[in-house]
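Asker: What follows is a single structure, and I will ask about it in a moment.
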């Protein structure tokens, strides 16, 4: 087993644990803004997991998927923030 495989397994474990902790925060957060922040962090962790999976598999499909996931995550975070500030998304 190479050092790259060990580093990938360690990184998978760290990001999976971070994903579970963010999921707990989404379910148990005291406020709506805390839940939005946890969901945004979950999107970032998912981007990292997709990128690591692409490195492990050696294909570029997962990198393209992570870019699309980043775009959707950014748009949803902006929409949630606008909803919190104004009460509606579309003006």
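Asker: Please arrange 84, 47 by counting, for each residue, the other beta carbons lying within 10 Å of its beta carbon, fewest first.
Answerer: Values: 84 12, 47 18.
Ranked by crowding around the Cβ, least crowded first: 84, 47.
Asker: Quick one: among 50, 37, 21, which has the greatest mean-square fluctuation in a GNM of the chain with alpha-carbon springs under 10 angstrom?
Answerer: 21
Asker: Which of these values of percent of Cα pairs over 24 Å apart was calculated from the structure shown: (i) 32; (ii) 18; (iii) 10?
Answerer: (i)
Asker: Follow-up. What ranking do 85, 23 get, fewest neighbouring Cβ atoms within 10 angstrom at the top?
Answerer: On the way: 85 8, 23 14.
Going from sparsest to densest Cβ surroundings: 85, 23.
Asker: Listing 88, 34 from the residue with the fewest other Cβ atoms within 10 Å to the one with the most, what is the order? Intermediate results must be reported in sequence, preceding the final value.
Answerer: On the way: 88 8, 34 13.
Least to most surrounded, the residues fall as 88, 34.
Asker: Using a Gaussian network model on the chain with a 10 Å cutoff between Cα atoms, which of 32, 80, 63 fluctuates the most?
Answerer: Evaluated over the chain, the most mobile residue of the options is 32.
Asker: Working from Cα positions, state the angle (0 to 90°, nearest 10) between the long axis of helix 61-86 and the longest principal axis of the chain.
Answerer: With rounding to tens, the tilt is 20 degrees.
Asker: Oh, and also: Would you mind telling me which residue in 67, 27, 42 has the biggest mean-square fluctuation in a Gaussian network model of the chain, where springs connect alpha carbons within a distance under 10 angstrom?
Answerer: For the chain, modelled as a Gaussian network with Cα springs under 10 Å, the answer is 27.
Asker: Using only the alpha-carbon atoms, how far is helix 32-57 inclined from the longest principal axis of the chain? Give it as 0 to 90 degrees, nearest 10.
Answerer: For 32-57 against the chain, the angle is about 20 degrees.
Asker: What is the helix-to-structure angle for 3-28, meaning the angle in degrees between its Cα long axis and the longest Cα principal axis of the chain, kept from 0 to 90 and rounded to the nearest 10?
Answerer: With rounding to tens, the tilt is 20 degrees.
Asker: If you don't mind, there's one more thing I want to ask. Where does the chain land at 222 nm, in deg cm²/dmol rounded to the nearest 500, when only DSSP H runs of n ≥ 4 count, each adding -39500 (n - 2.57), divided by all residues?
Answerer: -30500 deg cm²/dmol
Asker: Under the 0.36 nm per residue contour assumption, what length would be gained going from the current alpha-carbon distance of residue 56 and residue 81 to full extension?
Answerer: On the way: separation 25, 0.36 × 25 = 9.00 nm, distance 3.47 nm.
5.5 nm is the gain from fully extending residue 56 to residue 81.
Each value in this text was obtained by applying a stated rule to the coordinates, not by laboratory testing. This structure is a prediction, so every number in the text was calculated from the model and none was measured. Please note: Cβ atoms are built from the backbone with ideal geometry, for glycine as well, and neighbour counts cover all protein chains shown.
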